[in-house]
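Okay, so here's the structure we're looking at.
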Amino acid sequence: MAEKVIIIGSGPAAWAAAIYAARAELKPLVIEGAITEENRLAGTLPLGQLALTTEVENFPGFPAGDMESYLNSSIEESRRRLMPPHGKHGVSGPELMELMRQQAVNFGTRIVTEDIVDVAFDAHPFKLVASDGATHETLAVIVATGARANYLGLESEERFKNRGVSACAVCDGALPRFRNKPLVVVGGGDSAVEEADYLTKFASTVYMVHRRDQLRASKIMAKRAEDNPKIEILWNCVLDEVVGNDKDGVTGVRLKSTVGEPDLEQEAAGVFLAIGHTPNTAFLKGKLELNAKKYIVLTAAARTYTSVEGVFAAGDVADDYYRQAITAAGTGCMAALDAERWLATKGL
Ligand code: NAP
């Protein structure tokens, strides 16, 4: 029998949608993504981008404080055991995601730990094909697959992925290869500052490589970079090549000036990319309207409708503007309400 609603994804949009759909007795099935090396390298493991961050200081309801006993009593013991220790700062990205996931489970959400690799939206019920080969039938779909970090696409970058090149400081920063060594972060946005700041825990110096003479980061984050004595910003240059060898991995970078200055070489044991994101919509190509940047197009103002009736979208997969945990969660709630009302209208 077809499901009433399937939610694809496992970030704040997906769990908010699941909590609302479960409470509306739609018995949602969440397809949270597969745990594979390919997804790890791409930054698309279950629980999404928040699981790759540290402190979340701007999600309402989590001021600084010690949540240890709350986390211990709220989250299933088997999953709590695998989480990093609580840092007494309020809430971390992984903690927030585990709490949301648990809240969805508490209301009866079922979870499949696979990717969706293909969809058929041209007949109803819709069909979703999972990475284990299973086909799931459903009356409504909420797509909340989020976005992932971009790489520059350099050959040398690809060569040294996992050997010094990364797009996730929180995942990889503590590796021995980076300890007390100079590191490079590429980008000038909030993510770049966040990564650079985090990496100063381990690095001797963190060089931020930015293509302009001004950061894109918000004032408070820019100040964080300026105030950190271990961060040095290399203005007006781009990463031209990651330098290294098979034995040691990354040993440095070659930088090209964007204002006609001579090229620069910088010794570095690691290169962290923080240059924006790409939505996880490859499986929707030709099935749902996407914009030029491959984000899902929402077809009505202040609604989560997509180009296919009965398919809704929430979170970063349809948003390249706000991209916040709280906005993603908000649109997840909206998508569940839209799906519930659409099913009721159709008598499904
Ligand atoms: P972003 O704001 O789009 O910044 C991307 C940065 O990468 C920009 O500085 C951009 O340079 C640079 N860049 C892009 N393509 C490049 C290329 N090919 N070569 C060299 N540099 C390139 O992305 P983000 O930092 O990931 O932030 C995304 C959203 O998440 C923002 O809304 C941000 O506020 C939010 N966020 C917030 C926090 C926080 O508040 N703690 C933390 C992380 C993210 P240009 O500046 O020249 O375009």
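Below is a table of values for the structure above.
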item	result
Positions within region 61-89 being open to solvent by less than 50 Å² (accessible area, probe 1.4 Å) and in a helix (DSSP H, G or I), in sequence order	LEU71, SER74, ARG80
Residue check, LEU199 within 12 Å of the ligand (Cβ to nearest atom), aliphatic (A, V, I, L, M) and touching a residue at least 12 places away in the same chain (Cβ under 8 Å)	no
Hits in region 37-57 - residues which are in a loop (DSSP other than H, G, I, E, B), within 16 Å of the ligand (Cβ to nearest atom) and among the aliphatic types (A, V, I, L, M)	VAL56
Elements of type strands (runs of 3 or more DSSP E) in region 115-165, at least 3 residues being in contact with a strand residue (DSSP E or B) (Cβ under 7 Å, 6 or more places away or on another chain) and at pLDDT 95 or above	116-120, 126-130, 135-143
ALA192 being outside the structural domain of ALA318 (by TED's automatic domain parsing), free of Cβ contacts under 8 Å to residues at least 40 places away in the same chain, within 16 Å of the ligand (Cβ to nearest atom) and of a type outside the set (Asp, Glu)	no
Selection count where residues are over 17 Å from the mean Cα position of the chain (by Cα) and open to solvent by less than 40 Å² (accessible area, probe 1.4 Å), scope region 92-115	4
Region 324-348, residues that are crowded, with 17+ Cβ neighbours inside 10 Å and not in a helix (DSSP H, G or I)	none
Test: residue in region 38-60 that is surrounded by 15 or more Cβ atoms within 10 Å (Cβ to Cβ), touching a Lys or Arg at 6+ places or on another chain (Cβ under 7 Å), polar (S, T, N, Q) and in contact (Cβ under 8 Å) with a residue 40 or more places away in the chain	yes
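The values are calculated or read from the model by the stated rules, or taken from the named source; none is laboratory data. These numbers come from a predicted model, not from an experiment. Backbone-built Cβ (ideal geometry, glycine too); neighbour counts: all protein chains shown. Just the protein is used for accessible areas: all its heavy atoms, side chains included, with ligands, DNA and RNA removed. Shrake-Rupley method; radii C 1.70, N 1.55, O 1.52, S 1.80 Å.
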